[in-house]
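Presented below is the structure to which this report refers.
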Amino acid sequence: MKMTQHARIRSQQRAIPPILIDLLLKFGACESVGDGATKMYFNKAARKRVKTYAGALAGLIDAHLDVYAVVSSENQIITTAYLTERIIRH
């Protein structure tokens, strides 16, 4: 998936490695944020899928799964960041 220049800069500034973004796109949960964009994050089920996929490396990865990405309707990553508060679903 393509990343905007903004997303590349933010990922680098926030020390979010590309492997976390790949895992997020493969296993993450989605939530609409308006204008056709979605927020992808690791909920409990997604963390379990990552743990199954990563096997022995799961313990090392688990501490770094508090990230999210906003993806546009054109399937382009707009930005990435760390979760600072819990996502409340209605």
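Every read-out reported here was derived from the displayed coordinates using simple, explicitly stated rules and does not represent laboratory data. Because the structure is a prediction, the values reported are computed rather than measured. Glycine gets a Cβ as well: all are built from the backbone with ideal geometry, and neighbour counts include every protein chain shown.
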* Roughly how many Å is it from the Cα centre of the range 1-38 to that of the range 55-72, as a whole number? -> 12 Å
* **³J(HN,Hα), Karplus 6.51/-1.76/1.60, whole Hz, each residue of the range 34-50, x for Gly, Pro** => x, 6, x, 7, 10, 9, 10, 8, 9, 8, 4, 5, 5, 4, 5, 5, 5
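To the nearest 500 deg cm²/dmol, what mean residue ellipticity at 222 nm is calculated for the chain from DSSP H runs of n ≥ 4 alone, each contributing -39,500 (n - 2.57), summed and divided by the residues? Numbers along the way, then the final one.
Numbers: 4 runs with 35 residues, N = 90.
Estimated from H runs of four or more residues: -11000 deg cm²/dmol.
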* Structure fact -> Net charge near Leu65 (other residues with Cβ under 13 Å of its Cβ; Lys, Arg +1; Asp, Glu -1) is +3
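Under 13 Å from the Cβ of Phe42, count the other residues' Cβ atoms, weight Lys and Arg +1, Asp and Glu -1, and hand me the total.
Details: positive: Lys26, Lys39, Lys44, Arg47, Lys48, Arg49, Lys51, Arg86; negative: Asp22, Glu31, Asp62, Asp66.
Around Phe42, the charge tally is +4.
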* What's the tally of Lys pairs in the chain whose alpha-carbon atoms lie under 20 angstrom apart, where the two lysines are 8 or more places apart or on different chains? -> 7
* How much length is gained if the chain between Cys30 and Thr4 is pulled fully straight, taking 0.36 nm per residue apart and subtracting their Cα-Cα distance, in nm to one decimal? -> 7.4 nm
* State to the nearest 20 debye the size of the charge dipole of the chain about its Cα centre, where the only charges are +1 on K and R beta carbons and -1 on D and E beta carbons. => 220 debye
* What is the distance, in nm, between label points placed 7 Å from the Cα along the Cα-to-Cβ direction at Asp62 and at Arg49? -> 1.9 nm
* **Phi-based couplings in Hz for the range 67-82 (Karplus 6.51, -1.76, 1.60; Gly and Pro marked x)** => 10, 9, 9, 9, 10, 6, 5, 8, 6, 10, 6, 8, 7, 9, 6, 8
* Length-normalised contact order of the chain in % [C-alpha pairs under 8 Å, at least 6 apart] -> 36 percent
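Output needed for the range 2-82: three equivalent-ellipsoid semi-axes, defined as square roots of 5 times the C-alpha gyration tensor eigenvalues, in descending order, whole Å.
Working: eigenvalues 92, 44, 17 Å².
Ellipsoid semi-axes (Å, largest first): 21, 15, 9.
Add +1 for every Lys or Arg and -1 for every Asp or Glu among the other residues with Cβ under 14 Å from the Cβ of Ser11, and state the total.
Working: positive: Lys2, Arg8, Arg10, Arg14; negative: Asp22.
So the surrounding residues net to +3.
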